[in-house]
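This report refers to the structure that appears directly beneath it.
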Amino acid sequence: MNINGYSMKAVKEFDTPDGGGYNAKIYFENKRICDVHDAGTGKPPYVNWFIAKNDDQCCKTRDEHGPILDEWFISELFSLYTKEKDFRKAEKKHPNCCMVYVELNTMARQCYIFPTGRRLPAERIKESLYENIPKEEIKKVTIYRFLDDFVVTYPAFDKMKSAIENLYKKCSDDPGIKKYSDELKRKDLIQSLQMHSGRMDTLENVRKIIKAAREKEKFRIVYAGWEAEHLLVIYDRKEEYILLKQKTAKNDINKDNIEQEFETDSRDIEL
């Protein structure tokens, strides 16, 4: 399993009075970058970046990956790890199975194993679900058929934009909430989302909408807001990572040039 190159391994779970916690190691492109400890108390997990003897290299790793590995993203990694673990167990018993995760509008989640469902079309699987769960109560269905399905990439720009536009459309039904969506002009939405500062302004705006909708118990808007918030965060994380990689590559090139110039100067002196 991995999310955009990040994976969680060597996970050791333990029970706590509040439910459970875990210790784990996080890798990026198969290279260990940090250790994580979740005490299971509801607080953010502790991230230990100093796992090597070279403190300078550890600091560099922290500066590069720290902005990406926030509480939310680490939680996503652990969730995907547990899903893959459940799938592996089911696959041992039923080699042709598929695993289906259902997210309800109430934010509750349910897992179903279809012992011979690996080749079943998605529509057939959903029809079976609707026999037990009313269609209107289901928010999202995710089907896992192979281990490759646990390799996740970030959403495209259009998907993020559509989620935000859908949220703003739902806000138009309530004047008290609509005032927040009107803070940002929709005609400028595409341009604003292309910049980090614009995405952060939009994210703040979306969170205001969610808060106002929860106070009015407009849960249809709350769920749409959570979806928009989630896609905004992970899209911005992707863009931030690209910029970090470009900056790191540029610094490495400059370092190589400096070393090359130094070697040339030394050679000239010797001559």
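The values are calculated or read from the model by the stated rules, or taken from the named source; none is laboratory data. Note that the structure is predicted; figures quoted are calculated from it, not measured. Every residue, glycine among them, receives a Cβ derived from its backbone with ideal geometry; neighbour counts consider all protein chains shown.
Brief remarks follow.
- Pairs with Cβ under 8 Å, 6+ apart, first in segment 57-72 and assigned by TED's automatic domain parsing to the domain that holds ILE26 and among the charged types (D, E, K, R), second in a loop (DSSP other than H, G, I, E, B) and at pLDDT 85 or above: ARG62/TRP49; GLU71/PRO44; GLU71/PRO45
- Segment 39-54, residues that are in contact (Cβ under 8 Å) with a residue 12 or more places away in the chain and not small (Gly, Ala, Ser): THR41, PRO44, PRO45, VAL47, ASN48, TRP49, ILE51
- With respect to the stated conditions, THR116 fails to be within 21 Å of THR82 (Cβ to Cβ) and over 17 Å from the mean Cα position of the chain (by Cα).
- Restricting TYR235, TYR168 to those that are in a helix (DSSP H, G or I), in contact (Cβ under 8 Å) with a residue 60 or more places away in the chain and hydroxyl-bearing (Ser, Thr, Tyr) reduces the list to TYR235.
- GLU76 part of a helix (DSSP H, G or I) and either among the β-branched types (Val, Ile, Thr) or in contact with a helix residue (DSSP H, G or I) (Cβ under 9 Å, 6 or more places away or on another chain) (or both): yes
One line per residue, one yes/no per condition, for (1) under 19 Å from GLU227 (Cβ atoms); (2) surrounded by 11 or more Cβ atoms within 10 Å (Cβ to Cβ); (3) touching a helix residue (DSSP H, G or I) at 6+ places or on another chain (Cβ under 8 Å):
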residue	(1), (2), (3)
ALA90	no, yes, no
CYS98	no, yes, yes
THR106	yes, no, yes
CYS111	no, yes, yes
LEU120	no, yes, no
TYR130	no, yes, no
LYS139	yes, yes, yes
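- For segment 178-211, the set of residues classified as at pLDDT 85 or above, among the hydrophobic types (A, V, I, L, M, F, W, C) and out of contact with any Gly (no Cβ under 7 Å at 6 or more places or on another chain) consists of LEU193, MET195, MET200, LEU203, listed by residue number.
- Residue in segment 25-40 that is at pLDDT below 90, under 27 Å from LYS245 (Cβ atoms) and surrounded by 13 or more Cβ atoms within 10 Å (Cβ to Cβ) present: no
- Looking at segment 1-71, the strands (runs of 3 or more DSSP E) lying wholly inside it that each contain 1 or more residues that are closer than 22 Å to THR153 by Cβ sit at 6-16, 19-28, 31-38.
- Residues of segment 142-162 classified as outside any helix (DSSP H, G or I), surrounded by fewer than 15 Cβ atoms within 10 Å (Cβ to Cβ) and more than 17 Å from the chain's Cα centre (by Cα), total: 1
- Any chance GLU165 is more than 21 Å from LYS83 (Cα to Cα), among the acidic types (Asp, Glu) and surrounded by fewer than 11 Cβ atoms within 10 Å (Cβ to Cβ): no
- Residue in segment 127-141 that is in contact (Cβ under 8 Å) with a residue 40 or more places away in the chain, outside the structural domain of PHE28 (by TED's automatic domain parsing) and either hydrophobic (A, V, I, L, M, F, W, C) or part of a helix (DSSP H, G or I) (or both) present: yes
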